[in-house]
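Chemist: Before I ask anything, let me first share the structure, which is written out below as structure tokens.
The values are calculated or read from the model by the stated rules, or taken from the named source; none is laboratory data. Just so it is clear, the model here is predicted, and its values are computed rather than measured. Cβ placement follows ideal geometry from the backbone for every residue including glycine, while neighbour counts extend to all protein chains displayed.
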Amino acid sequence: MNVFQVLKPGFFTTVQDLGRYGYLKYGIPISGAMDSFSMVGANLLVGNSPNGACLEITLIGPELQALTDTQIAVTGGKTSVEINGKKAHMWQTLTVCKGDIISVGKVESGCRCYLSIRGGINVPMVLGSRSTYVRGRFGGINGRQLKAGDIIEGFTVSLLGAGLRMPESLVPCFGDSFTVRVVLGPQANMFTEWAYKLSFQILIRLR
């Protein structure tokens, strides 16, 4: 069932679930959502399995046109969500009708947010997961990020009754400072204090 057409793909939007496990020994990474709490939350708000495939949105969100009546939820880093130009709330079930335009703006705090679709996103399972692995060019929609004109397919399911909302106390706050925990290896005494500081700076930039 066709659920959305991509009008604007956003900066880097991919299909992700909780990841692809058991293949690291073959050089295949887990992939999956960077923020699993927010992704699972998005799924639960539309009555999906916690591992249902969602759109993972990085920094700038997409613009989608609904091809059928459905329900969505947007979670994760703070962003603006609009349906036909009218503001909608994050962290709750949103009902959209055929023809509606859903716009997700820039992520104002944090880096990523998640858009779930009632029933989940229907893309092929590859090695037990629907997650996109861009470098490997598999999973998700043809192994790549979204592009304008893509059709997002879903599963045929009935819509929920009353909408759900995540309790305010459970909505995470994404700040500007982070705690990075490390485990020192057996060569720790071979590094100078300067080298430690440099490695932490590199770690933070890579993240």
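Chemist: Which members of the range 114-129 meet the condition of being touching a strand residue (DSSP E or B) at 6+ places or on another chain (Cβ under 6 Å) and either closer than 19 Å to GLN65 by Cβ or part of a loop (DSSP other than H, G, I, E, B) (or both)? Lay out the reasoning, then the answer.
Modeler: Here is the first cut: in the range 114-129, the residues touching a strand residue (DSSP E or B) at 6+ places or on another chain (Cβ under 6 Å) are 114-119, 121-123, 126.
Matches in the range 114-129: LEU115, SER116, ILE117, ARG118, GLY119, ILE121, ASN122, VAL123.
Chemist: Continuing with this model, one more query. Before we move on, is ARG137 closer than 13 Å to LEU55 by Cβ, at pLDDT 95 or above and basic (Lys, Arg)? Steps first, please.
Modeler: On the way: closer than 13 Å to LEU55 by Cβ: no; at pLDDT 95 or above: yes; basic (Lys, Arg): yes.
In short, no.
Chemist: Confirm whether SER49 is in a loop (DSSP other than H, G, I, E, B), among the hydroxyl-bearing types (Ser, Thr, Tyr) and at pLDDT below 95.
Modeler: no
Chemist: Filter the range 90-111 down to the residues that are modelled with pLDDT of 95 or more and either small (Gly, Ala, Ser) or in a strand (DSSP E or B) (or both) and list them by number.
Modeler: Across the range 90-111, the qualifying residues are GLN92, LEU94, THR95, VAL96, GLY99, ILE101, ILE102, SER103, VAL104, GLY105, LYS106.
Chemist: Inspect all residues belonging to the range 194-204 and state whether any of them is more than 30 Å from ASN122 (Cβ to Cβ), at pLDDT 75 or above and either surrounded by 12 or more Cβ atoms within 10 Å (Cβ to Cβ) or of a type in the set (Asp, Glu) (or both). So that I can check it myself, show each step before the final result.
Modeler: We begin by selecting, within the range 194-204, every residue more than 30 Å from ASN122 (Cβ to Cβ); these are 194-204.
Those left that are additionally at pLDDT 75 or above: 194-195.
Imposing the further condition that a residue be either surrounded by 12 or more Cβ atoms within 10 Å (Cβ to Cβ) or of a type in the set (Asp, Glu) (or both) reduces the set to none.
No; the residues of the range 194-204 include none that is more than 30 Å from ASN122 (Cβ to Cβ), at pLDDT 75 or above and either surrounded by 12 or more Cβ atoms within 10 Å (Cβ to Cβ) or of a type in the set (Asp, Glu) (or both).
Chemist: Within the range 57-80, track down each residue that is within 16 Å of CYS111 (Cβ to Cβ), assigned to a loop (DSSP other than H, G, I, E, B) and touching a residue at least 40 places away in the same chain (Cβ under 8 Å). Spell out the reasoning first.
Modeler: Within the range 57-80, the first condition is being within 16 Å of CYS111 (Cβ to Cβ), and the residues that meet it are 57-62, 74-80.
This time we only want the ones that are assigned to a loop (DSSP other than H, G, I, E, B), so: 59, 61-62, 77-80.
If the condition is that a residue be within 16 Å of CYS111 (Cβ to Cβ), assigned to a loop (DSSP other than H, G, I, E, B) and touching a residue at least 40 places away in the same chain (Cβ under 8 Å), then LEU59, GLY61, PRO62, GLY77, LYS78 are the ones that fit.
Chemist: Look at THR75 and say whether it is in contact with a helix residue (DSSP H, G or I) (Cβ under 6 Å, 6 or more places away or on another chain) and either buried (at least 21 other Cβ atoms within 10 Å of the Cβ) or among the β-branched types (Val, Ile, Thr) (or both).
Modeler: Values: in contact with a helix residue (DSSP H, G or I) (Cβ under 6 Å, 6 or more places away or on another chain): yes; either buried (at least 21 other Cβ atoms within 10 Å of the Cβ) or among the β-branched types (Val, Ile, Thr) (or both): yes.
Against the criterion (in contact with a helix residue (DSSP H, G or I) (Cβ under 6 Å, 6 or more places away or on another chain) and either buried (at least 21 other Cβ atoms within 10 Å of the Cβ) or among the β-branched types (Val, Ile, Thr) (or both)), THR75 qualifies.
Chemist: Could you tell me which of the residues GLY10, GLY32 is under 11 Å from the mean Cα position of the chain (by Cα), in contact (Cβ under 8 Å) with a residue 40 or more places away in the chain, within 20 Å of GLY154 (Cβ to Cβ) and part of a loop (DSSP other than H, G, I, E, B)? First the steps, then the outcome.
Modeler: Numbers: GLY10 fails: under 11 Å from the mean Cα position of the chain (by Cα).
Going through GLY10, GLY32 in turn, just one is under 11 Å from the mean Cα position of the chain (by Cα), in contact (Cβ under 8 Å) with a residue 40 or more places away in the chain, within 20 Å of GLY154 (Cβ to Cβ) and part of a loop (DSSP other than H, G, I, E, B): GLY32.
Chemist: Right, something else. In the range 81-113, how many residues are in contact (Cβ under 8 Å) with a residue 60 or more places away in the chain and among the basic types (Lys, Arg)?
Modeler: Count: 1.
Chemist: While we're looking at this one, here's another question. Kindly indicate whether any position in the range 162-170 is among the acidic types (Asp, Glu) and under 17 Å from ALA42 (Cβ atoms).
Modeler: We begin by selecting, within the range 162-170, every residue among the acidic types (Asp, Glu); these are 168.
Cutting the leftovers down to under 17 Å from ALA42 (Cβ atoms) gives us 168.
Within the range 162-170, one or more residues are among the acidic types (Asp, Glu) and under 17 Å from ALA42 (Cβ atoms).
Chemist: Does at least one position in the range 152-169 carry a residue that is closer than 26 Å to PRO29 by Cα, in contact (Cβ under 8 Å) with a residue 12 or more places away in the chain and assigned to a loop (DSSP other than H, G, I, E, B)? Full working, then the answer.
Modeler: We begin by selecting, within the range 152-169, every residue closer than 26 Å to PRO29 by Cα; these are 152-154.
Within this subset, residues satisfying the condition of being in contact (Cβ under 8 Å) with a residue 12 or more places away in the chain are 152-154.
Keeping just the survivors that are assigned to a loop (DSSP other than H, G, I, E, B) gives none.
No; the residues of the range 152-169 include none that is closer than 26 Å to PRO29 by Cα, in contact (Cβ under 8 Å) with a residue 12 or more places away in the chain and assigned to a loop (DSSP other than H, G, I, E, B).
Chemist: Would it be correct to say that PHE37 is under 21 Å from GLN92 (Cα atoms), in a helix (DSSP H, G or I) and not aliphatic (A, V, I, L, M)?
Modeler: Values: under 21 Å from GLN92 (Cα atoms): yes; in a helix (DSSP H, G or I): yes; not aliphatic (A, V, I, L, M): yes.
Here the answer is yes, as PHE37 does meet what is asked.
Chemist: Right, something else. Quickly run through the range 124-159 and pick out the residues that are surrounded by 19 or more Cβ atoms within 10 Å (Cβ to Cβ) and among the β-branched types (Val, Ile, Thr).
Modeler: Once the filter is applied, which keeps residues that are surrounded by 19 or more Cβ atoms within 10 Å (Cβ to Cβ) and among the β-branched types (Val, Ile, Thr), the range 124-159 yields THR132, ILE141, ILE152.
Chemist: Taking into account only those residues within the range 130-143 that are touching a residue at least 24 places away in the same chain (Cβ under 8 Å) and assigned to a strand (DSSP E or B), which is farthest from PRO9 (Cα to Cα)?
Modeler: Narrowing the range 130-143 to residues touching a residue at least 24 places away in the same chain (Cβ under 8 Å): 130-134, 136, 139-141.
Adding the requirement that they be assigned to a strand (DSSP E or B) leaves 133, 141.
Numbers: TYR133: 17, ILE141: 12 Å.
Once the filter is applied, the top-ranked residue is TYR133.
Chemist: Check the range 69-77 and report whether any residue there is more than 21 Å from ILE152 (Cα to Cα) and within 13 Å of the chain's Cα centre (by Cα). Before the answer, list the steps.
Modeler: Looking only at the range 69-77, we keep the residues that are more than 21 Å from ILE152 (Cα to Cα), and these are 77.
After this cut, where a residue has to be within 13 Å of the chain's Cα centre (by Cα) as well, the list is 77.
Yes.
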